[in-house]
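These notes concern the structure reproduced below.
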Amino acid sequence: MEQLANGFTLDIPADVFPLSTDSILLADFVRLPKNAKVLDLGSGCGTLGLLLCAKDPSCRVTGIEITDCAHRAAEENISANNLGPRMASICGDFRQVTTSLPAGSFHVCVSNPPYFSGGPASQNHPTARRNDCCSTQELFVSAARTLRYGGDFFLVHKPEYLAQLCACGSNAGLEPKVLCLVRHKPESDCNLLLLQCRKGGKPGLKMQELTLFRSDGSPTDYYKKLYRL
């Protein structure tokens, strides 16, 4: 059982992807307007939704998850935290589900998508981390369809996919606006990126950087804030 901010808890079954730095970083990176309606594409057991509800008491989150066991865990987490009026989990493939949702009905879309390519080598990674079920372009198309004009899509990914992410975003009408590169230590290569794209946004990309640990291995002030140390 994970303890989150504001007394919220997150129960993660053994066969569901665990709470990761990726999700915690993404939830902190997300900027929500007041009373935001949020869509989480590939929502797992509701991790991002819970983190965002803990962060902003006015938001409402709908998650779409293809794996039945993760979807059921999300429903249990929603119930355990008394978030029924603010959170919902839908079991299904968001490539199909988003076509039945009202177009332009969400202020914000978020995703911690699969990183690893399909194929024999990828079988060591759980389904939640393989992209053979959904391409990057399909992810951006789903986000673009459900976002209001001026709405934002926030995601976390690997730096080596940056060119593909920006291209897919632009093709879907989601202009990259903020790119944050994350390093483990100051001297380390970037190992994660956080990206904000805006539906109908004008060109203009802001750059940010975050470092989690100092050279001596001690946590940075940002890391301490992130994990409430």
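Among (1) in a helix (DSSP H, G or I); (2) under 26 Å from Val182 (Cα atoms), which single condition is Arg72 missing?
Arg72 satisfies all of (1) in a helix (DSSP H, G or I); (2) under 26 Å from Val182 (Cα atoms) except (2).
Within the set of pairs 6+ apart or on separate chains, which have a first residue in segment 142-166 that is without any contact (Cβ under 8 Å) to a residue 60 or more places away in the chain, a second that is assigned to a helix (DSSP H, G or I) and β-branched (Val, Ile, Thr), and C-beta atoms under 6 Å apart?
Arg145/Thr98; Gln164/Thr136
Is there any pair with a first residue in segment 33-48 that is without any contact (Cβ under 8 Å) to a residue 24 or more places away in the chain and a second that is part of a strand (DSSP E or B) and of a type in the set (Gly, Ala, Ser) whose Cβ atoms are under 9 Å apart and which are 6 or more apart or on different chains, and what are they?
Pairs that qualify, where the first residue is without any contact (Cβ under 8 Å) to a residue 24 or more places away in the chain and the partner is part of a strand (DSSP E or B) and of a type in the set (Gly, Ala, Ser): there are none.
For segment 30-52, give me each residue that is open to solvent by less than 20 Å² (accessible area, probe 1.4 Å) and among the hydrophobic types (A, V, I, L, M, F, W, C).
Val30, Ala36, Val38, Leu39, Leu41, Cys45, Leu48, Leu50, Leu52 - these are the residues of segment 30-52 that are open to solvent by less than 20 Å² (accessible area, probe 1.4 Å) and among the hydrophobic types (A, V, I, L, M, F, W, C).
If you check Ser170, Ser215, Ser188, which single one turns out to be closer than 18 Å to Cys109 by Cβ, out of contact with any strand residue (DSSP E or B) (no Cβ under 6 Å at 6 or more places or on another chain) and either assigned to a loop (DSSP other than H, G, I, E, B) or not aromatic (Phe, Trp, Tyr) (or both)?
Ser170
From the list Asp152, Asp216, pick out the single residue that is charged (D, E, K, R), modelled with pLDDT of 95 or more and surrounded by 16 or more Cβ atoms within 10 Å (Cβ to Cβ).
Asp152
Mind checking which residues of segment 173-185 are in a loop (DSSP other than H, G, I, E, B) and crowded, with 16+ Cβ neighbours inside 10 Å?
At the first step, the residues of segment 173-185 found to be in a loop (DSSP other than H, G, I, E, B) are 173, 184-185.
Result: Gly173, single match.
Considering every residue within segment 187-202, establish whether at least one is buried (at least 19 other Cβ atoms within 10 Å of the Cβ), farther than 16 Å from Gly169 by Cα and either without any contact (Cβ under 8 Å) to a residue 40 or more places away in the chain or not β-branched (Val, Ile, Thr) (or both).
Looking through segment 187-202, at least one residue is buried (at least 19 other Cβ atoms within 10 Å of the Cβ), farther than 16 Å from Gly169 by Cα and either without any contact (Cβ under 8 Å) to a residue 40 or more places away in the chain or not β-branched (Val, Ile, Thr) (or both).
Restricted to segment 191-212, and to residues that are among the polar types (S, T, N, Q) and in contact with a strand residue (DSSP E or B) (Cβ under 6 Å, 6 or more places away or on another chain), which residue is farthest from Gln137 (Cα to Cα)? Write out each step before concluding.
Within segment 191-212, the subset among the polar types (S, T, N, Q) is 191, 196, 208, 211.
Those left that are additionally in contact with a strand residue (DSSP E or B) (Cβ under 6 Å, 6 or more places away or on another chain): 196, 208, 211.
Details: Gln196: 16, Gln208: 24, Thr211: 29 Å.
Applying the filter and picking the extreme gives Thr211.
Residues of segment 91-113 being touching a His at 6+ places or on another chain (Cβ under 8 Å) and either over 22 Å from Val30 (Cα atoms) or open to solvent by 30 Å² or more (accessible area, probe 1.4 Å) (or both), which ones?
Pass one, segment 91-113, residues touching a His at 6+ places or on another chain (Cβ under 8 Å): 91, 113.
Of everything in segment 91-113, just one residue is touching a His at 6+ places or on another chain (Cβ under 8 Å) and either over 22 Å from Val30 (Cα atoms) or open to solvent by 30 Å² or more (accessible area, probe 1.4 Å) (or both), namely Cys91.
Condition (residue is in a loop (DSSP other than H, G, I, E, B) and within 22 Å of Pro159 (Cα to Cα)) applied to segment 27-34: is it met by at least one residue? Walk me through how you get there before you give the answer.
Our first condition is that a residue be in a loop (DSSP other than H, G, I, E, B); within segment 27-34, this holds for 30-34.
Then keep just the ones that are within 22 Å of Pro159 (Cα to Cα); that gives 30-31.
Within segment 27-34, one or more residues are in a loop (DSSP other than H, G, I, E, B) and within 22 Å of Pro159 (Cα to Cα).
The values are calculated or read from the model by the stated rules, or taken from the named source; none is laboratory data. Just so we're clear, the structure is a prediction, and the values are computed from it rather than from any experiment. Glycine gets a Cβ as well: all are built from the backbone with ideal geometry, and neighbour counts include every protein chain shown. Calculation scope for accessible area: heavy atoms of the full protein, side chains included, ligands and nucleic acids excluded. Shrake-Rupley method; radii C 1.70, N 1.55, O 1.52, S 1.80 Å.
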